[in-house]
């Protein structure tokens, strides 16, 4: 397991992005995304970027953060991501743990 902090497009140096680690190591990715408002667009953008870089993605894990209320869109986030992800499943949602 390798963690890339900050997201797929986070720069780790002048010519290295977080998602480049998966390419360099020859391993597939799992995207861990927040489960709140805004996650659908950000997650789909990350998946599209990885697909363009030919990085296979095994799935998406949604994660709730303590102290953030569940919004009205939260129940549909997983299904919207799956519907537009090009076949990448949402594996599960980690509940908020106080």
(message) For the list (1) loosely packed, with under 13 Cβ neighbours inside 10 Å; (2) in a loop (DSSP other than H, G, I, E, B); (3) in contact (Cβ under 8 Å) with a residue 24 or more places away in the chain, I need the number of the one condition that residue 92 fails.
(response) (2)
(message) Exactly one of these conditions fails for residue 44: (1) modelled with pLDDT under 85; (2) surrounded by 15 or more Cβ atoms within 10 Å (Cβ to Cβ). Give me its number.
(response) (1)
(message) One residue is enough: does the range 74-81 have a residue meeting the conditions surrounded by 17 or more Cβ atoms within 10 Å (Cβ to Cβ) and either in contact with a helix residue (DSSP H, G or I) (Cβ under 8 Å, 6 or more places away or on another chain) or part of a strand (DSSP E or B) (or both)?
(response) yes
(request) Return the total of residues in the range 23-58 being touching a helix residue (DSSP H, G or I) at 6+ places or on another chain (Cβ under 7 Å) and closer than 15 Å to residue 78 by Cα. (result) 8
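The values are calculated or read from the model by the stated rules, or taken from the named source; none is laboratory data. Just so we're clear, the structure is a prediction, and the values are computed from it rather than from any experiment. We place every Cβ from the backbone using ideal geometry, glycine too, and count neighbours over all the protein chains shown.
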